1. Provide S15, S3 in ascending order of the number of other Cβ atoms located within 10 Å of each residue's Cβ, fewest first.
2. Run through the DSSP bridge list for the chain and note the antiparallel percent, rounded to the nearest 5.
3. Just to be sure I understand: if I project the alpha-carbon convex hull of the stretch 5-115 onto a plane and average over all orientations, what area do I get in nm²?
4. Which order do C12, C106 fall in if you start with the one that has the fewest other Cβ atoms within 10 Å?
5. Step through the residues of the stretch 47-58 one at a time and calculate ³J(HN,Hα) from phi using the Karplus curve (6.51 cos²θ - 1.76 cosθ + 1.60, θ = phi - 60°), rounding each to whole Hz and writing x for Gly and Pro.
6. If neighbour count is taken as other Cβ atoms inside 10 Å, put R56, R104, R16 in order from fewest to most.
7. With just the Cα atoms defining each centre, how far is the stretch 92-117 from the stretch 20-41? Give it in Å.
8. Relative to the Cα centre, what is the charge dipole magnitude of the stretch 1-107, using +1 at the beta carbon of each Lys and Arg, -1 at the beta carbon of each Asp and Glu, and rounding to the nearest 20 debye?
Amino acid sequence: MDSIIIYHNPLCSTSRNTLELLRDNGVEPTVIEYLKTPPDRSTLLNLIEAMGVSVRDVLRQSGTPYLQLDLDNAKWTDDELVDFIMEHPVLLNRPIVHTPKGARLCRPAEQVLDLLP
């Protein structure tokens, strides 16, 4: 991968701040508004693996159907949780930035600085 990608939600202040930090550091990333263009299953699994986190670590609770879907219940497997994200992309926490140095959920936004060349 030669480029830097941000999975972005323009309505999220942390996502906007992360994008601004990238640009302030001379990086014009590929911006994917993941609510309009969600990653496919393979891409999502690759991002989770690249971040070195569990599927549960990328689930967003606030402002999502997380509680209504009972996703805090330990009965759900990782595959089932990915299915929920595929069906409801809003469940994917943001912003996720992928660079040649790795991938990270950039909360807080300053975490993106560790991913820059």
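1. By the 10 Å Cβ count, ascending, the order reads S3, S15.
2. Numbers: 8 of 12 bridges.
In the chain, approximately 65 percent of DSSP beta bridges are antiparallel ones.
3. The directionally averaged projection comes out at 6.5 nm².
4. Fewest-to-most Cβ neighbours within 10 Å comes out as C12, C106.
5. Each residue's phi maps through the Karplus curve to give 5, 4, 5, 5, 7, x, 10, 8, 4, 4, 5, 9 Hz.
6. Working: R56 12, R104 21, R16 15.
Listed from fewest to most nearby Cβ atoms, that is R56, R16, R104.
7. Cα centres, the stretch 92-117 to the stretch 20-41: 10 Å.
8. Details: 11 positive and 15 negative charges, 72 e Å.
Dipole of the stretch 1-107, to the nearest 20 debye: 340 debye.
Values quoted throughout were computed directly from the atomic coordinates according to the rules given, and no laboratory measurement underlies them. In this text, all values refer to a predicted model and were calculated from it rather than measured experimentally. Cβ: placed from backbone, ideal geometry, glycine included. Neighbour counts: every protein chain shown.
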